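Peer 1: One structure is given below, represented as structure tokens, and several questions about it will come after.
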Amino acid sequence: MSEIRKSWGLHTGVVALLLALNFILPDYHHGNLARVMVLACYAMGYNMLFGYTGLLSLGHALFFAAGMYGMSLTVQHLGWSAGPAIIVGLASGLAMSLVVGILSLRTAGVAFMIVTLMFAQAGYLAALYFGEYTRGDEGFVIQKAARQIGGIDLSDPMSRYLAALVLFAVCLFITLRVVQTGFGRVLVAIRENEERTRMLGYDVHLHKLLAILLSGTMSAAAGAAYGLLFGYAGATFASVQYSIFPLLWVLLGGAGTVLGPFVGTLFMFYLIDLSSDISTAYMLIAGLTLVLLTLFAPQGLVGELRRRTLRWLP
């Protein structure tokens with residue numbers, strides 16, 4: 001069996017397993033896994049830029065929040081239905097990533113990281129400044145009646161889980177397809193040796209910009225879905241910590257692997273959840289675990305699996 005068929009078979013199997021878990025998980029883990037799948041889509045968007053293109057961004061919370069607010073504000077203040085509001089969220093993320101991409105790509109290295117961080121901070125401060133509409137850090141609840149698409153109530157746990165699974169499957173297969181195309185291989189080449197890629201005749205700047213657009217739009221889709229499925233939007237999701245989270249999830253799962261973001265998000269979510277049951281100093285337990293993983297699995301969980309045994313993993 002070819003490596004491509006193995007890859008598609010494995011990732012299809014993961015989606016099938018998640019579908020089966022929908023019918024057997026207890027309520028608590030059922031809700032948690034739905035949340036993890038949406039956040040994993042955010043991590044997959046980040047991985048497209050950091051893991052495959054080699055661009056370290058500290059401003060992805062801006063895209064996540066753009067999708068969330070683009071969707072939620074049109075529902076809350078304009079009375080739009082969820083379907084068109086989701087499209088507004090995606091368009092907001094795409095427009096924001098275009099602006100950020102055009103301006104931030106004038107820099108490189110540490111400067112790129114700082115510029116993206118400043119853009120994210122500007123977005124966070126804007127969410128606080130326009131608190132009359134966003135309600136700032138307090139946020140606002142999206143009413144149950146507005147959380148419906150095509151007559152499907154997305155506040156229902158079963159519908160919410162399946163909607164999260166559909167989004168996860170779409171992001172997963174888009175990522176898998178992209179990394180197997182020539183475009184994805186050029187992104188990896190830019191990550192490994194940008195100057196040589198440019199010497200081979202590839203338009204490095206255009207490929208980076210397209211990577212930012214794809215990454216930002218995927219992150220915005222996760223933000224819009226999170227607000228819609230869990231019924232809440234707040235400025236906290238635009239803060240610095242939500243730019244750091246996807247970086248941690250990707251590093252834990254394995255940067256430059258398709259399944260790494262999901263594994264990293266799932267691992268960290270339950271690490272903090274279980275640690276909080278053991279002690280009030282749960283962040284200390286989580287921190288020590290992360291340090292050990294960094295020392296003994298520097299390529300992340302899926303990255304180490306690929307390095308040691310399954311070398312065909314994308």
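The values are calculated or read from the model by the stated rules, or taken from the named source; none is laboratory data. This one's a predicted model, so the numbers in the text were calculated from it and none came from an experiment. Neighbour counts run over all protein chains shown; Cβ positions are idealised from the backbone, glycine included.
Peer 1: List pairs: first residue in segment 195-221 and of a type in the set (S, T, Y), second residue outside any helix (DSSP H, G or I) anywhere in the structure, Cβ distance under 6 angstrom, at least six positions apart or on different chains.
Peer 2: S219/H60
Peer 1: What pairs come up if the first residue lies in segment 231-251 and is at positive phi, the second is surrounded by fewer than 21 Cβ atoms within 10 Å (Cβ to Cβ) and among the β-branched types (V, I, T), and their beta carbons are under 7 Å apart, counting only those six or more places apart or on different chains?
Peer 2: Every condition considered, the pairs that remain are G231/V141.
Residue-wise test of (1) farther than 30 Å from T107 by Cα; (2) in contact (Cβ under 8 Å) with a residue 40 or more places away in the chain; (3) touching a Ser or Thr at 6+ places or on another chain (Cβ under 6 Å); (4) in a loop (DSSP other than H, G, I, E, B).
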residue	(1), (2), (3), (4)
K6	yes, yes, no, no
L18	yes, yes, no, no
A34	yes, yes, no, no
G45	no, yes, yes, no
M48	no, yes, yes, no
T53	no, yes, no, yes
L56	no, yes, no, yes
A66	no, yes, yes, no
Q76	yes, yes, no, no
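Peer 1: Looking at segment 293-308, can you tell me whether even one residue there is under 28 Å from T134 (Cβ atoms) and not basic (K, R)?
Peer 2: Looking through segment 293-308, none of the residues is under 28 Å from T134 (Cβ atoms) and not basic (K, R).
Peer 1: While we're on this one: For residues that are touching a residue at least 12 places away in the same chain (Cβ under 8 Å) and either under 11 Å from L229 (Cα atoms) or of a type in the set (A, V, I, L, M) (or both), tally how many sit in segment 157-174.
Peer 2: So the count comes out to 12.
Peer 1: Out of the helices (runs of 4 or more DSSP H) lying entirely within segment 126-217, which hold 1 or more residues that are of a type in the set (V, I, T), within 28 Å of F237 (Cβ to Cβ) and under 23 Å from the mean Cα position of the chain (by Cα)?
Peer 2: Answer list for segment 126-217: 131-134, 157-180.
Peer 1: Hey, another quick one. If I ask for residues that are in contact (Cβ under 8 Å) with a residue 40 or more places away in the chain and either under 18 Å from A233 (Cβ atoms) or not β-branched (V, I, T) (or both), which ones from segment 105-121 would you list?
Peer 2: L105, F112, M113, L117, M118, F119, A120, Q121 - these are the residues of segment 105-121 that are in contact (Cβ under 8 Å) with a residue 40 or more places away in the chain and either under 18 Å from A233 (Cβ atoms) or not β-branched (V, I, T) (or both).
Peer 1: I would also like to ask the following. What's the total number of residues in segment 276-314 that are in a helix (DSSP H, G or I), among the small types (G, A, S) and modelled with pLDDT under 85?
Peer 2: Total meeting the criteria: 3.
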